[in-house]
1. Keeping to region B:139-191, report how many residues are closer than 30 Å to B:GLY33 by Cβ, at the interface with chain A (Cβ under 10 Å from one of its Cβ atoms), in a helix (DSSP H, G or I) and among the charged types (D, E, K, R).
2. Within region B:7-52, work out how many residues are at pLDDT 95 or above and among the small types (Gly, Ala, Ser).
3. All but one of (1) within 16 Å of DNA strand C (Cβ to nearest atom); (2) assigned to a helix (DSSP H, G or I); (3) surrounded by 20 or more Cβ atoms within 10 Å (Cβ to Cβ) hold for B:SER112; state the number of the condition that does not hold.
4. Name the one entry in B:ALA102, B:ALA144, B:ALA110 that is at pLDDT 95 or above and of a type in the set (Gly, Ala, Ser).
5. Out of region A:37-73, which residues are among the β-branched types (Val, Ile, Thr) and surrounded by fewer than 18 Cβ atoms within 10 Å (Cβ to Cβ)?
6. Taking the condition surrounded by fewer than 20 Cβ atoms within 10 Å (Cβ to Cβ) and touching a residue at least 40 places away in the same chain (Cβ under 8 Å), does B:LEU135 pass?
2 protein chains.
Amino acid sequence: MTDSPTKKTKSDRTREAILEAARLLFAQKGYDGTTVRDIAAAAAIDPAMVIRYFGGKDALFARAADLDLRLPDLTALPRNAVGEALVRHFLTVWEGDGGTTALPIALRSAASNDLAAARLREIFATQVAPAIARLAGPDAPAVAGLVATQILGLAFTRYVLKLPPVVALPRERLVAEVGRSIQAYIDGARP
Amino acid sequence: MTDSPTKKTKSDRTREAILEAARLLFAQKGYDGTTVRDIAAAAAIDPAMVIRYFGGKDALFARAADLDLRLPDLTALPRNAVGEALVRHFLTVWEGDGGTTALPIALRSAASNDLAAARLREIFATQVAPAIARLAGPDAPAVAGLVATQILGLAFTRYVLKLPPVVALPRERLVAEVGRSIQAYIDGARP
DNA sequence: TGAATTTGTCAACACGCGTTGGCATTTTCT
DNA sequence: AGAAAATGCCAACGCGTGTTGACAAATTCA
């Protein structure tokens, strides 16, 4: 009776509370640094529920790190604006919802956790590489790799390592300078 | 009597065995993924010795992640060759001694361990930033930050994440392309 | 209302961790 | 050789972890 089509059942709401808390904590402390008890406390329920709803910590992490980067269609942009557009897009996504997007989550855990590293390689292979492939010629994988080098480096130094001068850099300067580097990688592969 | 000046006492040799094993394992599995028992096994001694010789896991990590990048004097190079020289230098250092140099060690652990992150920021502040400062003008910190973005991104994707297309990139292409990006960051700050 | 199902709590488990102190062994020195 | 010091192993501790099963409270349905 109280269930409108948009209303969710009780269990769905706590399931979402767990997932949200897990995303936040995994993004902040990494996989190893986050305990099931921490997640349960943040979601205001018992640790046992985390296991019952998701089957285990590993499975929960897999769900938490499974998101869409929502990359724009790069072919719809002027060819020489792709670099800046990419940087702008990622900065927006990362700073948008408190850093609980999949990429920082996986990025923080990838260094010490194989599951997270695999997840990150998968995100790269299924989302970043194809988007680049439509711009660059036969050399697309190498170009995508070089782009990843710069994009992940920016994410790592700014959001994970929090290197002071990188944190201090204003958004528009990052867009201009890092964008130029990425543009060069893409242009370098065009005949 | 058996102690020539270059000979070390017994304890010094096992102390070095522990440190070497620790460097290797920390570089491979990160701080959290490496146990004192693992290190002891790799050094073929008892876990208790690790604590007795170094005081604890934290202190051992601090010693293991404390190395010199041996950055060359950048002012001695032609101004337009600095980018390539930097990339070449880092690739050599990283691939030289099996990746047991300080930067990959700290890099792998920095994501989930505060001690490692602090160590990495310190390496940046005391070694990378000053080297750049002599080239770039008053804007040096920002330039050093941008350079770190690209260098750490390369290290992360190639040696930690092992992203296939980045691993596959031949050394000289990395030197040329990534070097050009870094050169652009440095040149951007010169009047 | 009363039975059945869902949702949640509690206590405890087995395990691996860093770390410690006691005791055996080896090396060193006189 | 014999005493003294260094070097090493062993067993155990306290702790936090992921996970489990039994039981209570709330919700749902007839």
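The values are calculated or read from the model by the stated rules, or taken from the named source; none is laboratory data. Here the structure is a predicted model, which is why all the values come from computation and not from measurement. Backbone-built Cβ (ideal geometry, glycine too); neighbour counts: all protein chains shown.
1. Number of matching residues: 1.
2. Summing the residues that are at pLDDT 95 or above and among the small types (Gly, Ala, Ser) in region B:7-52 gives 9.
3. Going through (1) within 16 Å of DNA strand C (Cβ to nearest atom); (2) assigned to a helix (DSSP H, G or I); (3) surrounded by 20 or more Cβ atoms within 10 Å (Cβ to Cβ) one by one, B:SER112 breaks only (2).
4. Values: B:ALA102 fails: at pLDDT 95 or above; B:ALA110 fails: at pLDDT 95 or above.
The match here is B:ALA144.
5. Taking region A:37-73 first, the residues among the β-branched types (Val, Ile, Thr) are A:39, A:45, A:50-51.
Matches in region A:37-73: A:ILE45, A:ILE51.
6. Numbers: surrounded by fewer than 20 Cβ atoms within 10 Å (Cβ to Cβ): yes; touching a residue at least 40 places away in the same chain (Cβ under 8 Å): yes.
It is true that B:LEU135 is surrounded by fewer than 20 Cβ atoms within 10 Å (Cβ to Cβ) and touching a residue at least 40 places away in the same chain (Cβ under 8 Å).
Conditions tested, residue by residue: (1) closer than 22 Å to A:LEU152 by Cα; (2) outside the structural domain of A:VAL143 (by TED's automatic domain parsing); (3) in a helix (DSSP H, G or I).
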position	(1), (2), (3)
A:ALA17	no, yes, yes
A:ALA27	yes, yes, yes
A:ASP32	yes, yes, yes
A:ILE45	no, yes, no
A:LEU60	no, yes, yes
A:ARG108	yes, no, yes
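The rows are residues; the columns are (1) assigned to a loop (DSSP other than H, G, I, E, B); (2) out of contact with any strand residue (DSSP E or B) (no Cβ under 6 Å at 6 or more places or on another chain); (3) within 11 Å of chain B (Cβ to nearest Cβ).
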residue: A:PRO72; (1), (2), (3): yes, yes, no
residue: A:ASN80; (1), (2), (3): no, yes, no
residue: A:ARG88; (1), (2), (3): no, yes, no
residue: A:VAL93; (1), (2), (3): no, yes, no
residue: A:ALA118; (1), (2), (3): no, yes, yes
residue: A:PHE124; (1), (2), (3): no, yes, yes
residue: A:ILE132; (1), (2), (3): no, yes, yes
residue: A:GLY137; (1), (2), (3): yes, yes, no
